[in-house]
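**Student:** Below is the structure I would like to discuss, written out as structure tokens.
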Amino acid sequence: MFQSKRRNLHWGNLNMVELELDKLILHFEQTNRAERKSPKTIIWYTEKIAGFAKFLSDTGRRSVLADFDISTVREFIIHCAML
């Protein structure tokens, strides 16, 4: 019997080692739209996460999920507080 490939993988089935932040941002934005959040909320969330991606790039880090840790997030929070 013919089985088609699933396009939307379950979160637990994704390869987290090389999952890039830009794909996560897109997925999160689409999820927020599907949940009918307000356009302003969606834009705000997307901009904040994109700011984290820019921080990673500006500091020479890869924007891959497996590379994130609590220390990186704390550095980003401090960076934002200094702006």
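**Student:** Please tell me if Ser38 is at pLDDT below 95 and among the hydroxyl-bearing types (Ser, Thr, Tyr).
**Tutor:** No; evaluated as a whole, the condition is false for this residue.
**Student:** A further question follows. Is it the case that some residue within region 40-56 is assigned to a strand (DSSP E or B) and within 25 Å of Asn15 (Cβ to Cβ)? Show your work before the answer.
**Tutor:** Let us first name the residues in region 40-56 that are assigned to a strand (DSSP E or B), namely none.
Taking every residue of region 40-56 in turn, none turns out to be assigned to a strand (DSSP E or B) and within 25 Å of Asn15 (Cβ to Cβ).
**Student:** Out of curiosity, is Ser38 more than 12 Å from the chain's Cα centre (by Cα) and surrounded by 10 or more Cβ atoms within 10 Å (Cβ to Cβ)?
**Tutor:** Answer is no for this residue.
**Student:** Return yes when Ile78 is over 12 Å from Leu21 (Cα atoms), β-branched (Val, Ile, Thr), modelled with pLDDT of 95 or more and touching a helix residue (DSSP H, G or I) at 6+ places or on another chain (Cβ under 7 Å) and no when it is not.
**Tutor:** So Ile78 fails the test.
**Student:** What number of residues within region 57-83 are over 13 Å from the mean Cα position of the chain (by Cα), of a type in the set (A, V, I, L, M) and assigned to a helix (DSSP H, G or I)?
**Tutor:** Within region 57-83, residues that are over 13 Å from the mean Cα position of the chain (by Cα), of a type in the set (A, V, I, L, M) and assigned to a helix (DSSP H, G or I) number 5.
The values are calculated or read from the model by the stated rules, or taken from the named source; none is laboratory data. For clarity, every value in this text was computed on a predicted model and none was experimentally measured. A quick note on method: Cβ atoms are made from the backbone with ideal geometry, for glycine too, and the neighbour counts reach across all protein chains shown.
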